[in-house]
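The values are calculated or read from the model by the stated rules, or taken from the named source; none is laboratory data. Only a predicted model underlies this, so the values are computations on that prediction, with no experimental measurement involved. Reconstructed Cβ throughout: ideal geometry from the backbone, glycine too, with neighbour counts over all protein chains shown. We work out accessible area using only protein heavy atoms, side chains counted, and drop any ligands, DNA or RNA first. Shrake-Rupley method; radii C 1.70, N 1.55, O 1.52, S 1.80 Å.
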Amino acid sequence: MLLRTDGLTTTLLEEIIGGPLAVEKQELPTVPAHEAESGLFKTLGLAEDELVGRRQSRLISAGHEVVSINRVHFPAYAAADVIPPPGVPIGQHLVDKNEALRREILFAGCDWWPLAKDIPCAHKEYVIQGRSGWRVHVSEYFNPKFVSVDPQPI
């Protein structure tokens, strides 16, 4: 269900673990679109010379365990709309601002857990279309301790 939904991932994860999650984030420097991950500038609808903002976050359980690792790419010009205040997940922030129009799932299946490259994990990638026309690419990796892994893509 977690990989198939186009709703708020954090809310579903809180249901799965039975408690609230804290957001630990790391802002990363902007990069020219052509230096971002392969083809990402096309996904975001940017020209190769435009800047891409980057953010990485972790959702942490009350027991201080990493439940998910999330990577977000967005047009740098949309940072004021996209970046949430401390402690707020990006999806909830966009809903609260009435900015998120829809989510388009690009991939849902199995990948490698970023904290242990030899352990498979559930992984989802999607694009959020903003009311102002920008697009945000989100990549979520779920700790296999909390979210079971199906080795077949959905």
Would you please give the FRET efficiency between K42 and A80, computed as 1/(1 + (r/R0)^6) with r the Cβ-Cβ distance and R0 = 30 Å, to the nearest 0.05? 0.80
What figure, in Å² to the nearest 10, do you get for the accessible area of H34 with a 1.4 Å probe and non-protein molecules left out? 100
How much of the accessible area of the chain, in percent, comes from carbon and sulfur atoms when a 1.4 Å probe is used? 51
The answer for the chain, accessible area per residue at 1.4 Å probe in Å², is 51
Ordering S132, S61 by the accessible surface of their heavy atoms, 1.4 Å probe, largest first, yields S132, S61
Taking every Cα atom in the range 1-89, find the radius of gyration and the maximum pairwise distance Dmax, and write them in Å. 14.8, 44
Fully extended, how many nm does the chain gain between V149 and R102 (0.36 nm per residue separation, minus their Cα-Cα distance)? 14.3 nm
So what's the gap between the Cα centers of the range 50-78 and the range 96-127, to the nearest angstrom? 11
One point scatterer per Cα, no solvent, Debye formula: log10 I(q)/I(0) for the chain at q = 0.13, 0.20 Å⁻¹ comes out as -0.57, -1.36
Modelled FRET efficiency - R0 30 Å, I16 with K117, Cβ distances, 0.05 increments: 0.80
